[in-house]
Amino acid sequence: SVHKLVRLEPLILGSKDNNFHMEPREYRLKVGQGYRWKIKAETDFEYALAPAFFHNIWIRKIEVGTAEIKTATLDEIEFEDVGEAELFFVAIRPGTYEFSPRGMEARGVKGTIIVESPTAARPPRLA
């Protein structure tokens with residue numbers, strides 16, 4: 001069955017007065033759910049993201065500008081200027097994945113993507 005894609009809050013890299021800005025810092029996903037995730041570089045600073053998370057998702061497509069890229073794997077997204085990319089994917093493996101733009105970990109610019117198995121998040125049923 002085709003699941004409706006959940007639109008994640010965009011990941012924003014950089015701000016007008018701070019190249020080391022990154023928001024949000026945490027995402028919570030569910031295995032088997034499809035998502036749309038926009039990643040935006042707000043400054044011309046160079047950002048490269050290559051989290052292990054990219055190897056634990058099934059990628060439907062990636063949109064950059066007017067181009068649509070169909071690919072099975074993704075190693076890295078790098079921005080050399082202001083721009084955005086949108087990933088369309090399904091989370092397939094539970095786990096906690098850290099991510100950080102390359103070279104920014106030491107400055108504390110880190111995020112976490114938590115992928116829960118479908119049963120883990122169900123609250124107990126009240127009689």
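Annotations for the structure displayed:
- Column: log10 I(q)/I(0), Debye, Cα scatterers of segment 12-77, q = 0.14, 0.22, 0.28 Å⁻¹: -0.51, -1.16, -1.41
- Gln33 long-range amide H proximity, modeled H, under 5 Å: Ala91
- For the chain, share of DSSP beta bridges that run antiparallel, in % to the nearest 5: 75 percent
- FRET efficiency, Glu78 to Ile12 (Cβ-Cβ, R0 22 Å, nearest 0.05): 0.85
- Cβ-derived FRET efficiency at R0 30 Å, Arg125 paired with Trp58, nearest 0.05: 0.45
- For the chain, the relative contact order comes to 29 percent (Cα pairs under 8 Å, sequence separation of at least 6).
- Among the trypsin sites (Lys or Arg not before Pro) in segment 27-88, those placed in a DSSP loop whose Cβ has at most 13 other Cβ atoms within 10 Å are Lys70.
- For Lys70 and Lys110, the difference between the fully extended length at 0.36 nm per residue and the C-alpha to C-alpha distance is 11.6 nm.
- The listed residues Trp37, Trp58, once ranked by accessible area (1.4 Å probe) with the largest placed first, stand as Trp58, Trp37.
- Taking all protein chains together and rolling a 1.4 Å probe, Phe20 ends up with roughly 60 Å² accessible.
- Carbon plus sulfur fraction of accessible area for the chain, probe 1.4 Å, in percent: 50 percent
- Cross-linked pairs Lys40/Lys110; Lys38/Lys70; Lys30/Lys70: Cα-Cα separations exceed 19 Å for Lys30/Lys70.
- Accessible surface computed residue by residue for the chain, with neighbouring protein chains in place and a 1.4 Å probe, gives 61 Å² per residue.
- Correct option for Cα extents along the principal axes in Å [calculated from the coordinates] among [x] 54, 32, 21; [y] 45, 32, 26; [z] 44, 33, 20: [x]
The values are calculated or read from the model by the stated rules, or taken from the named source; none is laboratory data. Treat the numbers as computed from the prediction; the structure is a model and nothing was measured. Reconstructed Cβ throughout: ideal geometry from the backbone, glycine too, with neighbour counts over all protein chains shown. Only protein heavy atoms, including side chains, enter the accessible area calculation; ligands, DNA and RNA are left aside. Shrake-Rupley method; radii C 1.70, N 1.55, O 1.52, S 1.80 Å.
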